[in-house]
Amino acid sequence: MQIIKTSIHRITCLLIITMAACIPSKAQTEIDGIMMAKNNYCSGLMYNYSSWDQYWEGTLKRNNLNLGTVSTTTIAYMGNYGVSDKLNVLFGLPYIKTKASTGTFSGLSGLQDLSLWVKWMPYEKDFGKSVLAFYAIGGVSLPVSDYTPDLLPFSIGLRSKTLSLRAMADYQIGSWFATVSGTYVVRDKVTLDRELYYTTQLHQTNEVAMPDASSINIRAGYRTGRLIAEAVWNKWTTLGGFDITRNNMPFVSNRMNATMLGVNFKYNLKGVDGLSLIANANATLSGRNMGQASNIGGGVFYILDFTPKKKTEKKADTSKK
Amino acid sequence: MKKNLSFLLLVIFLMLQLSCSKDAPNTTDNAPLLAPNKTDIDAGIWKPVLLTGPTEFPVAAPAAITTPGYIAELNEIKGYQRDLTASQEASIRYWGAGGVLRWNELMRQLVSKYNLPPYQNADGTYPFPSANNPFAYPLFPFANPPYAARAYAYVSAAQYDALVAAWHYKKLYNRPAPYKTDASIKAKLPTSDLPSYPSEDAVLAGVTAEMMKLLFPGEIAFIQQKADEQKLSKIMAGVATRSDIEAGEALGRLVAQKFTTRARADRAGAAAGNQASWTALETNTVARGEIPWISMETPKRPPMLPGFGNVRPFLFDETTTPTLRPGPPPSTSSEQMKKELAEILDFVKNPTPERIRITHFWADGIATPTPPGHWGAIADADFIKQGFSEVRWARNMALLNMAMMDAAIVCWDTKFFYFNPRPSQLNPEIKTLTGLPNFPAYISGHSTFSAAAATILSHIVPSRAKEYDAMAKEASISRMYGGIHYRSDCEKGLETGNKVGAYAVSRAKTDGAD
């Protein structure tokens, strides 16, 4: 069994953009139970289209004839490098464009946030027919352009520096697997271009204290070196913040929650070693202060092996022991 | 494994270097305690706005400081001072930064809270807030820019008049502050020779609480709680006795009633108009051969307070309003209009980060204190450094806020006289970078408010005149960057605002305070 899992490590990476409506999309690459093998670098481009015409104003679901359908188009460059078989470094950088189908508001566009993760697998145990692994993942995200977070739902991001820490368990039996993870996201205060804003009181400063957030992610499905097909359930919860008041605009420190369900597919082409195609789709089941977004995306990834030839052989030996 | 762990530790260390902060204090949280350069002891002779004179409302002579009643009041202060809690000390410091300052901030908070356009009815019409039922949706009031400008002006003018009267009685009765009559009472705030009867803080509390009955009837309880806090903080601080407070509050409430009486008859109540008046605006514009303004909202929302131009101004007679109205905008079919439209299209097609910043800095749209509130905050930030007495601070805010209310009146008169369309109406390609206001374009409200504010503020703080002028111009052009105004709207708005501001300056020169 160890052989199966190890071969997956070698030849696949699954990098997916998770879209979250009013919260503009974030490249989320660190969230699966797969490690890139040492000295291998998997990278590629991912395209995603997200849209909603219903949103939650606080807990009240409504439409807005002055927005129509709000859409977000994302193109992200993402990569995953194997520092070792047990330690990977990952990153994602999306370019985002927003647009409304009706009304007079102009959409916005630009480079959003650079995300970096370190993914560590301290434990992996072979039980004969199955493999259990635990992971710890730490991440940071930093805005890389001076986009404004103050024109939601058109802003391309929230412009908060974040730190995240994720704990994850992955269990594979034969070609079937399940992964469960939970993350805590610490969010830095955000700076606006204005010096007065109202939340549940008036603030006379250009800085906005951001509530932290948490997320739970459960995924399960079929996984071999050739194909991955999985269902993904994700719940994003903002730990604090306030509700959009009646007929108001969304604000960066709103209590934005969303529960989403989706599918991811990945296929490693037979013809070209290391080349893979990705497709994903998901829908928002419930939410608060966010749009009820549906997302669809696709991507192309390629693995480069930087391993010196001699070392590879040596490594192959050690992995057998 | 060891290498991996050390790598991970390094990453965690780097993450901690980027450590996140939750601290976003208000710029005035730690404003210095108000310590006026002078007491303005003669402010009782300054010219009031509405009062016939400082003695229009009588204030009885206070009991002598040797009477048992007064001594009991000192004991009340001593009782508090024996054992002040941290929150009581905080309340003393909060109100100690200045009563006018804190009430201005609270007014801006209320305007922000109520500055939300009502959601439509199921049939596509829009509900109007009702003063008689302020808690029913839509909440009363919709504190849009004209409403806000008027609310700020009434509160500031009433505070000023009440303080002029208070200063008259302070000088007349000359009762020393409790920290002067009893050495064992500690002044928790800066001391001065200003007599304490009637208490200027209680005057402010009384005025403002009374004005809320008209302006924010859903917030009477909230404001009363703030008023009670302010009054108690002054007793605990050792700067006023119970009788100083009671006399001040009573005076404040009486003066406020004079202002609410004026407000009920100033025609603002009829400013929303009705279907017949909205249709007439359209047909009159078509009859002049121009394209009329139409609402760009879905469903179409009636224009914001089309009758606000008829409201009775503070700084000049209402018959003067139309004389301040600028000439017509470029015809909607003119070459000039095409040129101006092309300029705005270019701005929105090529937004630079700096233009976006300027657009958002001055947007002052829904859920904000509106442009008059933004200028009030700019003024307060400067006044904090000036060492003004409460009466002088109130006088300067009254001048500023009356100028902006009258600017709103002239601006709205102009907007609905010409009923000129917004850029996005004439060219749907023009998508805006800020909210598109639901009323005609000519002339720009931001420009008119800002020029009026800059003109009077330059008179009050001459050393900042250049900055005020630059700010007004930036506020003005921000509306072009945002794609919601033409250049002529902004230029004529600035000109008109300057003219209105000049009325405030001329009042300032003759009110006895300069």
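The values are calculated or read from the model by the stated rules, or taken from the named source; none is laboratory data. The model shown is predicted, which means the values in this text are computed figures rather than measured ones. Note that each Cβ is placed from the backbone with ideal geometry, even for glycine, and that neighbours are counted across all protein chains shown. In case anyone asks, the SASA skips ligands and DNA or RNA and just uses the protein heavy atoms, side chains included. Shrake-Rupley method; radii C 1.70, N 1.55, O 1.52, S 1.80 Å.
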Total accessible area lost when B and A pair, probe 1.4 Å, Å² to nearest 100: 4500
Over chain B: Kirkwood hydrodynamic radius from C-alpha pairwise inverse distances, Å: 24.5
The range B:234-347 - convex hull of the alpha-carbon atoms, volume per residue in Å³: 241
With Cα atoms, 0 to 90° folded angle of helix B:487-510 axis to chain B main axis: 30
14 Å beta-carbon shell around A:LEU261, net charge (K/R +1, D/E -1): +1
Local electrostatic count, B:GLU73, Cβ distance below 9 Å [Lys/Arg +1, Asp/Glu -1]: -1
Over the range B:105-153 - Rg/Rh using Cα atoms and the Kirkwood inverse-distance radius: 1.01
Highest to lowest packing among A:135-148, B:213-226, scored as the average C-beta count within 10 Å: A:135-148, B:213-226
Diffusion constant of the range B:336-424 at 25 °C, which comes from Stokes-Einstein with the Kirkwood Cα-pair radius and 0.890 mPa s, µm²/s: 152
Part-to-part distance (alpha-carbon centres) for the range A:39-60 and the range A:259-276, which is given in Å: 17
Projected area averaged over orientations for the range A:2-320, convex hull of C-alpha atoms, nm²: 15.9
Å² of accessible area per residue within chain A, as computed with a 1.4 Å probe and no ligands counted: 39
Shielding by other protein chains, B:353-361, mean Cβ within 10 Å: 4
Structure-based [θ]222 nm, chain A - -39500 (n - 2.57) summed over DSSP H runs of at least 4, per residue, nearest 500: -2000 deg cm²/dmol
Shielded residues, the range A:44-70 - accessible-area loss of 50 Å² or more between chain alone and all protein chains, probe 1.4 Å: A:LEU65, A:ASN66
Pairwise centroid distance, computed over Cα atoms, of the range A:88-132 with the range B:136-172, Å: 52
Exercise: per-residue mean of other protein chain Cβ atoms within 10 Å, A:189-199: 6
Shape of the range B:152-231, Cα gyration tensor, a/c cut at 1.5: oblate
Distance from the range B:35-90 to the range B:444-494 (C-alpha centre basis), Å: 39
Cα pair distances of the range B:19-102 binned at 10 Å [whole percent]: 12, 22, 34, 24, 6, 3, 0
Charge dipole (the protein assembly as shown, unit charges on Cβ, about Cα centre) - positive-most of A:THR259, A:ASN280, A:ASN63: A:ASN280
Cα convex hull volume per residue for the protein assembly as shown (Å³): 181
For chain B, calculated [θ]222 nm from helices alone, where every DSSP H run of n ≥ 4 adds -39500 (n - 2.57): -18500 deg cm²/dmol
Unsatisfied cross-links (Cα-Cα over 23 Å) in the set B:LYS38/B:LYS385; A:LYS119/A:LYS235; B:LYS38/B:LYS509; A:LYS189/B:LYS431: A:LYS189/B:LYS431
Chain B: angle of helix B:99-114 to the longest principal axis, Cα-based, in degrees nearest 10: 40
Rg followed by Dmax, in Å, when the range B:279-510 is reduced to its Cα trace: 17.6, 56
Local net charge near B:ARG150, Cβ-Cβ under 13 Å (Lys/Arg +1, Asp/Glu -1): +2
Signed unit charges on C-beta, dipole axis of the protein assembly as shown, positive-most listed residue A:PHE301, B:THR414, A:LEU192: A:PHE301
Whichever aspartates and glutamates have a C-alpha closer than 16 Å to that of A:LYS266, once near sequence neighbours (fewer than 8 apart) are set aside: A:GLU30, A:ASP32, A:GLU230
Average partner coverage of A:201-214, which counts Cβ from other chains inside 10 Å: 5
Extension gain (nm, one decimal) between B:ASP193 and B:ALA342, 0.36 nm per residue minus Cα-Cα: 47.4 nm
Aspartates and glutamates whose Cα lies under 20 Å from that of B:LYS47, excluding same-chain neighbours fewer than 8 positions away: B:GLU56, B:ASP161, B:GLU200, B:ASP317, B:GLU390, B:ASP406, B:ASP511, B:ASP514
Helix axis angle, A:309-320 relative to chain A longest principal axis, alpha carbon, degrees: 80
Over 25 Å (Cα to Cα) - which of A:LYS99/B:LYS415; B:LYS466/B:LYS499; A:LYS97/B:LYS473; A:LYS61/A:LYS99 fall in this group: A:LYS99/B:LYS415; A:LYS97/B:LYS473
